[in-house]
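Scroll down for the structure; my scribbles are underneath it.
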Amino acid sequence: MEPRVWLITGCSSGFGEQFVRQNIARGDKVIATGRNAATKLAHLKDTGAAILDLDVTISEAEIFSKINEAHQIYGRIDVLVNNAGYIESGAVEDIFIDRIQRSLDTNFFGSLKVTRAVLSIMREQKSGVVGFIGSMGGWTGYPASIAYSSSKFALECLADCLQAEFAALFENCVRFIIFEPGYFRTEVFAPTKPLVLPANIPGYEPFNQVLAKGLNELYGNEAGDLVKGVARMIDVLTGTGMAAGKELPPRLPLGTDGLESIRAKCQATLKICEDWEDLITSTDVVIEAKQ
Ligand SMILES: NC(=O)c1ccc[n+]([C@@H]2O[C@H](COP(=O)([O-])OP(=O)(O)OC[C@H]3O[C@@H](n4cnc5c(N)ncnc54)[C@H](OP(=O)(O)O)[C@@H]3O)[C@@H](O)[C@H]2O)c1
């Protein structure tokens with residue numbers, strides 16, 4: 001089989017860097033992208049990956065031009081991994097709105113714009129797989145997670161819409177999946193990042209301090225193994241290894257904590273549907289039978 005061509009966003013560290021290294025080791029071709037690529041992706045040059053500077057917050061026109069550049073490198077793009085993302089924290093009342101918008105710009109609109117640019121190439125090829133790195137936070141809002149979780153909820157919707165549109169219009173020639181990891185050992189919680197800023201409203205400061213301490217303690221102690229996590233995602237995206245012989249699922253939790261959190265949300269939602277079914281279904285228009 002011909003080597004696949006991967007386009008991966010956010011490759012300076014964490015999941016993105018692992019995707020590059022593991023896919024190159026499998027014999028595939030990789031276009032590794034990231035912002036300030038000349039310095040931040042320099043450590044990937046020796047892998048043989050093609051390196052492309054791509055900040056996913058640039059305008060849609062600029063993204064289309066970058067993706068066109070990427071397409072010319074190997075003449076096709078088989079798998080897109082929308083990985084670039086970061087964490088903004090802060091309680092709903094306390095966080096400045098522009099920080100929520102910044103989070104959506106990168107984590108949601110970045111993936112949306114890159115995907116829109118890649119779709120015409122994949123439709124032309126009549127094949128392709130697009131993976132989104134969502135989160136267990138895309139199912140449940142936690143305290144201080146409005147900026148991050150709203151961006152990951154929006155990605156869930158994006159993946160659903162694309163699946164439905166390509167099923168209805170293009171015979172599923174491009175397939176989509178959103179991964180929903182729990183906590184994995186990457187740089188996302190690195191203490192060098194401004195994860196928790198001082199509160200704007202004094203009443204929130206004790207909460208922010210507890211949060212900062214919790215995130216600090218989490219870093220390096222996350223339950224998820226980065227190398228295994230990426231290996232399983234590659235299995236799923238390529239239908240090989242542990243995913244051999246299985247249909248690409250539309251979404252997939254990753255890690256025990258991701259599984260437990262998402263299962264709990266599903267079970268709680270089902271219970272609401274069952275406990276309140278009488279009231280819920282009592283709102284339908286009643287059509288009187290004609291005499
Ligand atoms: N690790 C976890 O526990 C976990 C759990 C669920 C989901 N995720 C998701 O996994 C994805 C990867 O994160 P990670 O855990 O691997 O953390 P990471 O090591 O911090 O990697 C994040 C990557 O995203 C890049 N990025 C951020 N903003 C960008 C932008 N505007 N344009 C292009 N690249 C940008 C970063 O580049 P810079 O170096 O330039 O900042 C970095 O390469 C994210 O979407 C994250 O939300 C992670």
Top-ranked residue of the range 34-43 - restricted to ones that are under 22 Å from the mean Cα position of the chain (by Cα) and either aliphatic (A, V, I, L, M) or more than 13 Å from the ligand (Cβ to nearest atom) (or both), ranked as surrounded by the most Cβ atoms within 10 Å (Cβ to Cβ): 41
Considering residues of the range 168-187 that are aromatic (Phe, Trp, Tyr) and farther than 21 Å from residue 120 by Cβ only, the residue farthest from the ligand (Cβ to nearest atom): 179
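Residue-by-condition table, conditions (1) under 23 Å from residue 145 (Cα atoms); (2) among the β-branched types (Val, Ile, Thr); (3) at pLDDT below 95:
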residue: 19; (1), (2), (3): no, no, no
residue: 28; (1), (2), (3): no, no, no
residue: 47; (1), (2), (3): no, yes, no
residue: 56; (1), (2), (3): yes, yes, no
residue: 72; (1), (2), (3): no, no, no
residue: 114; (1), (2), (3): no, yes, no
Residues (surrounded by fewer than 22 Cβ atoms within 10 Å (Cβ to Cβ) and more than 19 Å from the chain's Cα centre (by Cα)) located in the range 111-131: 120, 121, 123, 124, 125, 126, 127
Residue that is nearest to the ligand (Cβ to nearest atom) [pool: residues in the range 139-167 that are among the small types (Gly, Ala, Ser) and under 12 Å from residue 111 (Cβ atoms)]: 151
Residue match in the range 258-270 (condition: surrounded by fewer than 10 Cβ atoms within 10 Å (Cβ to Cβ), within 16 Å of the ligand (Cβ to nearest atom) and over 30 Å from residue 3 (Cα atoms)): no
Residue 235 vs. criteria touching a residue at least 60 places away in the same chain (Cβ under 8 Å), away from the ligand (no atom under 15 Å from the Cβ) and within 26 Å of residue 5 (Cα to Cα): no
Filter result for residue 205 (part of a loop (DSSP other than H, G, I, E, B), out of contact with any strand residue (DSSP E or B) (no Cβ under 6 Å at 6 or more places or on another chain) and surrounded by fewer than 19 Cβ atoms within 10 Å (Cβ to Cβ)): no
Counted residues, the range 224-257 - those being assigned to a helix (DSSP H, G or I), open to solvent by 50 Å² or more (accessible area, probe 1.4 Å) and more than 23 Å from residue 160 (Cβ to Cβ): 5
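Only one residue in 100, 58, 51 is surrounded by fewer than 16 Cβ atoms within 10 Å (Cβ to Cβ) and over 24 Å from residue 239 (Cα atoms), so which one is that?
Answer to the selection: 58.
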Residue 221 loosely packed, with under 11 Cβ neighbours inside 10 Å and either within 16 Å of the ligand (Cβ to nearest atom) or within 22 Å of the chain's Cα centre (by Cα) (or both): yes
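The values are calculated or read from the model by the stated rules, or taken from the named source; none is laboratory data. Small disclaimer: the values here were computed from a predicted structure and weren't measured. All Cβ positions, even for glycine, are placed from backbone atoms using ideal geometry, and neighbour counts span all protein chains on display. The area values use the complete protein model at the heavy-atom level, side chains included, leaving out ligands, DNA and RNA. Shrake-Rupley method; radii C 1.70, N 1.55, O 1.52, S 1.80 Å.
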